[in-house]
Amino acid sequence: MQSTNDAAHWTKTRNLMLTHLGVWLFFGYIIHMFVPVLNKITILGFPLGFYMAAQGSLLAFVIMLFLFARQQDRIDREFNVAED
């Protein structure tokens with residue numbers, strides 16, 4: 001039987017995971033559907049669609065990894081289940 005503390009912890013963890021999966025879906029798939037439109041915008045001489053495919057999405061994924069780890073650690077500490 002789960003305690004109220006455990007249920008609240010897993011609810012916050014699940015919501016964090018779903019949020020990050022939504023951002024991953026956006027940068028992994030959705031943004032690439034709009035490459036023709038984005039290619040009309042240039043950044044440093046490169047079309048934005050090319051930039052997002054070559055660099056932007058990868059950069060977003062790396063940033064997401066660090067943010068997820070920090071946010072999950074904060075949730076774990078809030079509910080006293082952090083691994084020290």
Contacts under 8 angstrom Cβ, first residue in the range 42-63 being without any contact (Cβ under 8 Å) to a residue 24 or more places away in the chain and under 15 Å from residue 31 (Cβ atoms), partner among the polar types (S, T, N, Q) and assigned to a strand (DSSP E or B), 6 or more apart: 48/42
Those residues of the range 40-66 which are buried (at least 16 other Cβ atoms within 10 Å of the Cβ) and not in a helix (DSSP H, G or I), in sequence order: 47
Test result for residue 13, under 27 Å from residue 79 (Cα atoms), in a helix (DSSP H, G or I) and either among the acidic types (Asp, Glu) or touching a residue at least 60 places away in the same chain (Cβ under 8 Å) (or both): yes
Test for residue 29: is it free of Cβ contacts under 8 Å to residues at least 60 places away in the same chain and surrounded by 13 or more Cβ atoms within 10 Å (Cβ to Cβ): no
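A short reminder: the numbers here are calculations on the coordinates, not readings from a lab. These figures come from a predicted structure and were not determined experimentally. Note: ideal-geometry Cβ built from the backbone for every residue, glycine included; neighbour counts use all protein chains shown.
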